[in-house]
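The structure appears below as structure tokens.
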């Protein structure tokens with residue numbers, strides 16, 4: 001009896017401590033089951049807090065989505081003209097159909113058609129394009145020269161003359177913009193001065209002018225006997241200057257056997273344009289190489305700067 005009383009006294013403090021602690025964690029009943037409310041509370045406490053989206057990041061995403069939705073602007077490509085509008089495309093199409101129905105026409109009729117289809121606001125240049133039956137690869141079939149047009153080309157031409165002695169004063173009196181010898185050659189070499197459209201040279205100066213071949217050659221300004229820009233030893237400097245000042249045109253067949261040149265302005269009278277075109281065609285006809293067989297002039301086309309070409313009879 002004494003032993004049982006002592007054991008009860010030892011257990012009493014432990015039971016009181018356990019009662020003070022309460023039931024085990026997560027259990028309110030002897031079977032250890034949790035209440036539904038406690039489960040929801042535990043899940044809410046265990047879940048990480050939801051992060052609010054940063055305003056800066058949200059703004060960037062919105063901007064990106066807007067940029068993707070907008071159509072991208074077309075990039076300009078070098079060497080490619082901008083797309084023509086519908087109105088202009090229809091206008092050019094009507095012009096082509098009208099000219100195609102007429103076919104090959106006389107020169108005066110072609111000039112009248114060019115004036116009627118004019119749409120540019122500036123004074124267009126009238127151009128002539130000739131397809132020749134030559135083999136441009138053969139040296140003996142090269143076609144090159146110059147022709148003085150009866151009524152000029154309607155453009156102010158700046159002329160420089162490489163000469164010396166009394167011919168300098170004669171060239172300036174005839175209308176040359178610049179005339180001289182070594183001084184002009186040095187100016188071109190040192191300052192790369194090229195403020196002229198035509199270069200003439202006397203035969204005696206060609207030895208010094210030849211040093212400018214790398215500068216003048218690529219620009220088509222190098223004086224050559226074939227183009228008539230080299231004045232012979234007994235030639236008249238003043239007459240050569242007057243011819244080019246009035247409107248002497250150079251021509252040269254390209255690799256495809258075609259000749260291109262400007263023969264006046266669209267504001268010229270029909271008679272003046274017809275005379276210039278006829279003079280140019282006749283000059284090219286007389287320059288026929290001896291080695292050419294068959295048809296020499298295959299076609300002649302006249303056009304303006306902003307108009308389609310019109311084939312003409314010769």
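Throughout, read-outs are computed from the coordinates displayed, never taken from laboratory work. Because the structure is a prediction, the values reported are computed rather than measured. Positions of Cβ are generated from backbone atoms using ideal geometry, with glycine treated the same way; all protein chains shown enter the neighbour counts.
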Open item on the list: Give me the one-decimal nm value for the distance between modelled label points at residue 173 and residue 286, 7 Å along each residue's Cα-to-Cβ direction.
Closed with: 2.9 nm
Open item on the list: To check my understanding: the extent here is largest minus smallest coordinate of the Cα atoms along each principal axis. What are those three numbers for segment 152-295, in Å, largest first?
Closed with: 46, 37, 31
TODO: Give the order of 126, 157 when sorted by the count of other beta carbons within 10 angstrom, beginning with the fewest.
DONE: 157, 126
Task: Order of 251, 296 - criterion: other Cβ atoms within 10 Å of each residue's Cβ, fewest first - done: 296, 251
